[in-house]
Structure formats: C-alpha cells, structure tokens
Amino acid sequence: MVFAAVFYMPAVSQISDSAKTNIIAKKFNIPKQHSPRMAATMSAILPGAGQIYNKKYWKAPIIYAGMVGLGYSFNFNHAKYIEYRNAYKVRLYNGPGTVGNYPKYSDNDLNMLQKYYHRYRDLSVIGATLLYFMNVIDASVDAHLFNFSVEDDDLSLNIHPTLINTAYLNQYITGLSLNVKF
C-alpha cells in the first residue's frame, strides 16, 4: 500500500495546474469561469463572437444588423457626396452659367448638399467605430458577470413610502425610502 502511494504521487505532480483546477471544480461543484480576455479578443477579431462565447446568442444579430445598417448608410452617403461634389466641381470649373446635371440647384445648393452628405458619411464611420468598441466592451462585461445570479433570495430592492423628520422645521415630510439588500 505504501509503495502504491509513493508510485501514485509523481503521477499527480505531473498533472498541469489547469487540470488540477478542473478536478477540484468538478468535485466541489464550482462553476467554470468565463475569461473576459477571451471574450473581448473574440469580439475584437469577429464582432459578435464574444457574445456567442458568453452564450448571449440574441446579441450577435443586433450587432450584425447595426453594422449592416451603418455600412449601408456609409455607402449611400458617400455615393451622394461624390455625386454632388463632382457636380459642384463641374460648375466651378466651367463657370457660373453652366447648368450641368442639376439645373434646379444653384452653386450654393450643390455646395450645401455636398457638405450634408459628407457629414453623414463621417457620422456613419463614427457610429460603426462606436458599435465595434461597444461590442468588445459588452463581451468583456458579460464574461465578468457570467456566473452572477440575480435570482438569489438575498438580493432585493424595496421602495417604501416614509416620513422624514426635518430638524430645522420641526415637522415631517413624506418621501420614499430605498432599501437595498445583497
């Protein structure tokens, strides 16, 4: 029996730390931790992948719909910007009497339309960038809170009407009391 124990000990020491952690976690029924770094990295490489890693499947289509919508907005505004910019350039190059493709618009109108579509094209890029970073941040936060349970009995928020004593007026005022238990 002693020989078996001595023979068994080197085999246990050769097990990696992560395997030991997994064995202990299974034995004591400890939930597996989600890696916020892994979730953020996955979302940075492929938007929505971190949400899928966190098992929040419903968020991935929202991210893709946002990216598609902002991509369409960029494409539309860029095409219109180029169209009005070229029309304005033709007017400036050929002189003030040139009609061009847009006879209804004055030179000032073409310049304003060009600036309008340029602005919204740039806002589409800013929106897509913000959506991308929000996607990465959301995946990281969800991974941090993956094992957090709001269904425990010791977590509650109660709002009750109350009377507040004002010392300087020596009277009571009605108000609300907020009790948080966690």
Requested in this report: Calculate the all-directions average of the projected area of the stretch 35-144's alpha-carbon convex hull, and give it in nm².
Outcome: 7.8 nm²
Query raised in the report: Once label points are set 7 Å from the Cα along Cα→Cβ at both Met112 and Thr166, what is their separation, rounded to one decimal in nm?
Result: 5.3 nm
**Report entry** Residue-count net charge about Arg119 - beta-carbon cut-off 15 Å; Lys, Arg +1, Asp, Glu -1
**Finding:** +3
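Every number in this text was worked out from the coordinates using simple rules, so none of it is lab data. What you see is a predicted model; the values in this text were computed from it and never measured. Cβ sites come from the backbone with ideal geometry, for glycine too, and all protein chains shown count toward neighbours.
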